[in-house]
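S.K.: Here it is, the structure, as structure tokens.
Only the coordinates and a few stated rules stand behind these numbers; no lab work does. These figures come from a predicted structure and were not determined experimentally. Methodologically, a virtual Cβ is constructed for each residue, glycine included, from the backbone with ideal geometry; neighbour enumeration extends over all protein chains shown.
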Amino acid sequence: MTLITIFVGTLVAGVGSVWIAAMLAYALLSRFTQHLLSLAAGALLATAFTRLLPEAFEQSTATDISAQVLFAVLLTGLIFFFLLDKAELWHHGHEHAHGHTDSAHTHHHHTGGSWAVLLGDSVHAFGDGILIAAAFVADTRLGIATALAVLAHEVPHHIGDLLVLRHSLGDAKSALLKLSLSGCVTVVGGVVGYLLVGALHDHLPIFLVVAASSFIYVALADLIPQLQKRLSPVQTTAQVAWLFIGIFLVVGLGEWAHH
């Protein structure tokens, strides 16, 4: 019975948050794509710095993982995503050689970041699944509350992810499908967490930091450079405002969900 409740709870939290985010991002906010790139950057940075990293360091106090190890994982993750991005750019550059390097750069501009978002989301979703499973094992009501908390703070984060993926892939349906599959990893984490919650819980801080490094890289390397254009004072103000809206959505909903 506990495994069934874990399955339902992780499915609602992982995939439900994606579909709620899609309704908001596509139906209500589709006309503000450029502004929402700012929102996406703010949401990803806020998720990394106010949710993932604090949770990782809090969890590490109950394990043998030191702060130095977590910072080393963060640095390694950033370098890894940078090198992977360079490898992808190099690959496309060779694909479009002999006078087509401009096309290669354009192709990279549209695809870069999508893989990192999906990988980061999958790692994060796996960690969420373990947390939800641990809560359900302890108490059903605590499990339900944890699943709803994950659902609440994932919605603004997934709005940002969907915008990144739609911009990178050029297809809203493909972005929704891929992010939904990534959300299904929450269920995998829940089942694995139910079976091995004690052993894997000790490594949860590592998963969280890897996810954070992915989100930080995408925001700083893929999104913010697109926003660094010469704009009028009014446009710049709007851009900065949307950046802070993304931050406040993650922080505000996260605080509400934990009360």
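S.K.: Using alpha carbon centroids, what distance separates the stretch 8-25 and the stretch 132-165, in Å?
M.R.: Value for the Cα centre distance between the two parts: 9 Å.
S.K.: Let me ask something else. Give me the number: length gained by fully extending Leu83 to Thr61, i.e. 0.36 nm times residue separation minus the C-alpha to C-alpha distance, one decimal in nm. Intermediate values should be presented prior to the final figure.
M.R.: Details: separation 22, 0.36 × 22 = 7.92 nm, distance 3.10 nm.
Fully extending the segment from Leu83 to Thr61 adds 4.8 nm.
S.K.: At R0 = 45 Å, how high is the FRET efficiency between Thr140 and Ala241 if r is their beta carbon distance? Nearest 0.05 is fine. Intermediate values should be presented prior to the final figure.
M.R.: Values: r = 42 Å, r/R0 = 0.93.
Calculated transfer efficiency: 0.60.
S.K.: Still on this structure, I have one more. What FRET efficiency do you get for Lys229 and Met1 if R0 is 41 Å and r is their Cβ-Cβ distance, rounded to the nearest 0.05?
M.R.: 0.15
S.K.: Ordered by packing density, taken as the mean number of other Cβ atoms within 10 Å over each peptide's residues, highest first, how do 128-135, 189-196, 11-18 rank? All intermediate terms of the calculation are to be shown ahead of the outcome.
M.R.: Values: 128-135: 27.6, 189-196: 20.8, 11-18: 23.4.
Descending mean neighbour count gives 128-135, 11-18, 189-196.
S.K.: Test of understanding: extend the Cα→C-beta vector of Thr50 to 7 Å, then name every residue of the stretch 198-242 with backbone N under 15 Å from that spot.
M.R.: Only 241-242 fall inside the zone, counting backbone N under 15 Å.
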